[in-house]
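What follows is one structure encoded as structure tokens, with my remarks underneath.
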Amino acid sequence: MIQSASGQDEVFGKRGVTQPQEHAVGHRSADRYMSKRREVALLIETSNAYARGILQGVVRYIRENSRWSFYIPEQGRGDIPPGWLANWQGDGIIARIENQEIARSVAASGLPAVDVSAARLLPSLPWVETDDQAIAQLAAEHLLDRGFKHFGFCGDSRFNWSNWRSDHFEQAVQKAGRGCHLYRSSISPTAPLENQVAEIAQWLINLPKPVAIMACYDIRGQQVLDACRNAGLAVPDEVAVIGVDNDALLCDLSSPPLSSVVPNAQRTGYEAAALLDQMMSGVKVPSEAHLITPLGVATRQSTDVLAIDDRHIARATRFIREHAHEQINIEDVLKVVPLSRRIFESRFKKILGHTPHEEIIRVRMNRVKELLTETELNLAVIAERTGFEHVEYLSTAFKKKVGLSPNQYRAQNRKLLHH
């Protein structure tokens with residue numbers, strides 16, 4: 001059962017569309033009430049966490065702004081469009097246009113429509129999608145922070161978003177002075193899963209170790225973990241793996257649990273609904289990309305490692321990451337390693353590419369970003385919880401590092417919360 005923005009319950013009709021449930025009001029009154037509501041088709045699957053996040057964002061938008069009736073078919077990703085769409089007399093469409101059949105049906109409807117797929121099969125439509133460059137950058141930074149020197153990307157060349165993430169990830173690690181090994185499958189993507197996993201395992205065996213792998217999305221990440229297990233490769237010590245989408249159920253069922261970049265799927269759905277609302281009101285919306293930045297990284301066991309051969313630097317780095325919020329300084333770090341300050345700072349910078357002080361600030365800044373995005377805490381509390389003695393210093397340092405004030409960053413990136 002779906003509940004509309006007005007609070008009226010709706011149920012699925014026989015063809016997978018919603019129909020108003022009868023209430024204790026006359027039919028004329030109900031018809032007059034329903035006539036005020038726009039009818040919107042949501043051609044979005046519910047079989048994965050990312051797509052469900054998009055739908056949740058749409059629901060949030062209509063709760064805050066409009067009153068719509070939803071028509072949503074029961075379909076999987078890339079399925080052919082529902083038969084009822086050909087004769088449907090609705091007002092607008094939000095669709096994951098993943099194949100030519102859906103593209104032709106959406107175009108033939110002549111209705112205002114917004115695309116939320118990276119396939120980009122109808123370039124005349126406005127398009128809302130994840131920022132794949134930002135996703136790849138987050139994954140690269142997460143793995144680089146763990147001290148890896150060897151990297152790989154395991155993608156699926158059928159999908160634009162996978163190819164874009166591959167390019168951006170390779171550029172990010174090359175910019176850091178590292179090389180990137182790319183998985184290129186020689187078998188059909190429709191081959192049995194065990195064949196695909198076996199090929200990935202052989203690719204992993206031939207890579208230098210330890211190696212950090214970005215998988216194009218969580219399903220591929222789970223396959224990489226399966227390949228490691230089959231090949232006898234230790235995760236995360238020999239192979240660290242990060243996926244994309246943060247499908248919590250899939251990530252937690254992986255062995256070991258899979259780290260993942262967290263996209264802002266709800267904001268994607270919210271922005272798509274806002275654009276469609278404008279279009280249905282007669283506003284001409286340009287056919288341009290609206291790219292949504294990810295929320296961060298959910299760290300799980302698959303990347304919970306420091307790939308640093310120098311045990312003193314590894315210990316110091318872990319100490320910083322665990323205690324940076326406690327107003328520690330270099331003297332505090334030196335208490336846990338038997339090194340002089342000069343030797344410690346020299347070895348630290350040689351291995352990680354920046355100074356211990358810069359690492360302390362980086363860890364604090366990342367925590368500030370999390371608190372700005374995920375909570376309503378004011379800056380004074382955030383400063384106290386992240387090791388900044390004064391709010392003014394936090395604001396100045398944050399703007400210098402990020403290019404935005406804390407309040408501007410919060411406004412742009414605050415996580416859409418569930419009602």
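Identify the residue in the range 382-417 that is of a type in the set (Lys, Arg) and more than 18 Å from Glu359 (Cα to Cα) and, among all such residues, is modelled with the highest pLDDT. Please lay out each step first, then the result.
Narrowing the range 382-417 to residues of a type in the set (Lys, Arg): 385, 399-401, 410, 414-415.
Next, from what is left, pick out any that are more than 18 Å from Glu359 (Cα to Cα): 410, 414-415.
On the way: Arg410: 87, Arg414: 62, Lys415: 47.
Filtering first and then ranking leaves Arg410.
With the structure loaded, tell me whether Leu125 is aliphatic (A, V, I, L, M), surrounded by 17 or more Cβ atoms within 10 Å (Cβ to Cβ) and closer than 30 Å to Leu306 by Cβ or whether it fails that test. It would help to see each step written out before you state the result.
Working: aliphatic (A, V, I, L, M): yes; surrounded by 17 or more Cβ atoms within 10 Å (Cβ to Cβ): yes; closer than 30 Å to Leu306 by Cβ: no.
Taking the combined requirement at face value, the residue does not satisfy it.
With within 27 Å of Leu306 (Cβ to Cβ) and either among the hydroxyl-bearing types (Ser, Thr, Tyr) or over 24 Å from the mean Cα position of the chain (by Cα) (or both) as the only criterion, which of Glu392, Glu345 stands out?
Values: Glu392 fails: within 27 Å of Leu306 (Cβ to Cβ).
When all the criteria are applied, what remains is Glu345.
Looking at the range 66-100 only, could you name the residues that are more than 27 Å from the chain's Cα centre (by Cα) and over 25 Å from Ile292 (Cα atoms)?
Hits for the range 66-100 are Ser69, Pro82, Gly83, Trp84, Leu85, Ala86, Asn87, Trp88, Gln89, Gly90, Asp91.
Of the residues Ser346, Ser405, Ser340, which single one is over 16 Å from Asp145 (Cα atoms), touching a Ser or Thr at 6+ places or on another chain (Cβ under 9 Å) and outside the structural domain of Leu143 (by TED's automatic domain parsing)?
Details: Ser346 fails: touching a Ser or Thr at 6+ places or on another chain (Cβ under 9 Å); Ser340 fails: touching a Ser or Thr at 6+ places or on another chain (Cβ under 9 Å).
Matching residue, one of Ser346, Ser405, Ser340: Ser405.
Show the residue pairs meeting these rules: Cβ distance below 8 Å; 6+ apart or different chains; first residue within the range 334-354 and within 14 Å of Arg315 (Cβ to Cβ) and among the hydroxyl-bearing types (Ser, Thr, Tyr); second residue in a loop (DSSP other than H, G, I, E, B) and at pLDDT 90 or above.
Filtered contacts from the range 334-354: no entries.
The values are calculated or read from the model by the stated rules, or taken from the named source; none is laboratory data. Since the structure is predicted, the reported quantities are computational estimates derived from the model, not experimental observations. Here Cβ is always computed from backbone atoms with ideal geometry, including for glycine, and neighbour counts include all displayed protein chains.
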